[in-house]
Amino acid sequence: MNLETRIHIVVEGTLDAAVVQSLLTQLGVRAELSIYGQRGKRYILDRLKVYNYAAMNVPEEPWLILVDKDTQHQCTPSMVREWLPNPASSLCFRVVEPEIEAWLMADTHNFAKFLRVSAARIPQFPDQLQNAKEALLRIASQSRSRDIRGDMCRVTRHGEVVTGPAYVSRLIEFAKNHWSVESARGQSPCLDRSIRRILELLARFSGAPP
C-alpha cells in the first residue's frame, strides 16, 4: 500500500514507535511518518483535542494514536468515548490492551526464542494480563541467557523484579528484527482489531481496498 501522504503517529514512547513502524512495514504500508508524543500516556491524553483539531484541519493526512489501557477495570470502548468523543474522520485512536508489550508477547514462538525461554512460559492470551510489563519481566528473569537477564531486568534487595538498563532497547530490537505481526494477531484480538481499523483508515488514502 503506497501512500503519497504523510502518516501522523502519536505514541507513548520509543518502544511504541518502533512497534508501530514495524507493524506498518509488515503490513506493506509505504509512507512518510511523523511521530509525536513519546512522553507518556498523560502527555498524549492532555493533548488529544489538539491532535484531533489538527486531523480535522488537514483531512488529507491520516493520524494514528495509540495509548496503553494499563488497567482491566474499565471498558475499552467507554474509555475511547470519554477521552475522544468526536474523533476526526482521518484519525484512528486505539487503546492497546493492556500494554504494548502484550502485542510483542503474542508472537509466542519468536518471543520465546528471543528471550531464550520455553514457549510454555509465554502467556497464551496476553491481552488478558493484568500487567503485561510485569509478566514480561518475570519471564525475562528466567531466561537461559545471562545477557538477556542482565539487560532486561534486575532484582531489587526487596526481591522485586524491575526493568533493567536495556529493557526498551532489547524490545525495540525484537520489534524491528524478529516480531511477526501475522503470528501475533492470531493471539491478540486487540492487535487484530487495531490492524483492521488501521488498514480501513489507510485504504481511504491509497485508493486500495482494506
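Every number in this text was worked out from the coordinates using simple rules, so none of it is lab data. Since the structure is predicted, the reported quantities are computational estimates derived from the model, not experimental observations. As a convention, Cβ positions derive from the backbone with ideal geometry for all residues, glycine included, and neighbour counts pool all protein chains shown.
Observations on the model:
- When Val80, Val10 are arranged by Cβ crowding within 10 Å, least crowded first, meaning fewest neighbours, the order is Val80, Val10.
- A cut-off under 12 angstrom between Cβ atoms defines the neighbours of Ser145, and their net charge, with Lys, Arg +1 and Asp, Glu -1, is +4.
- With the alpha-carbon atoms of the range 48-126 aligned to their principal axes, the span from lowest to highest coordinate is 49, 29, 15 Å, starting with the largest.
- Ranked list, fewest to most other Cβ atoms within 10 Å of each Cβ, for Val58, Val19, Val50: Val50, Val58, Val19
- If you take all other residues with their beta carbon under 15 Å from the beta carbon of Gly186, and give Lys and Arg +1 and Asp and Glu -1, the sum is -1.
- Per-residue [θ]222 nm for the chain (sum of -39500 (n - 2.57) over DSSP H runs n ≥ 4, rounded to 500): -13500 deg cm²/dmol
- Ranking Ile100, Leu171, Ile65 by Cα position along the charge dipole of the chain, where only Lys, Arg, Asp and Glu carry charges on their C-beta atoms, puts Leu171 farthest toward the positive end.
- The stretch between Val58 and His178 holds 39.7 nm of extra length on full extension. This uses 0.36 nm per residue minus the Cα-Cα distance.
- Radius of gyration over Kirkwood radius for the range 14-173, both on Cα atoms: the Rg/Rh ratio is 1.01.
- Largest-first principal axis extents of the Cα set of the range 6-85 (Å): 37, 28, 22
- Placing unit charges on each Cβ (+1 for Lys and Arg, -1 for Asp and Glu) gives the chain a dipole about its Cα centre, and among Pro126, Gly28, Leu48 the Cα reaching farthest toward its positive end belongs to Pro126.
- When Asp70, Asp16 are sorted by how many other C-beta atoms sit within 10 angstrom of their C-beta, beginning with the fewest, the order is Asp70, Asp16.
- Here the range 102-182 yields Rg over Rh of 0.94, to two decimals, using C-alpha coordinates and the Kirkwood radius.
- Largest GNM mean-square fluctuation among Tyr53, Tyr167, Tyr36, using the chain with Cα springs under 10 Å: Tyr53.
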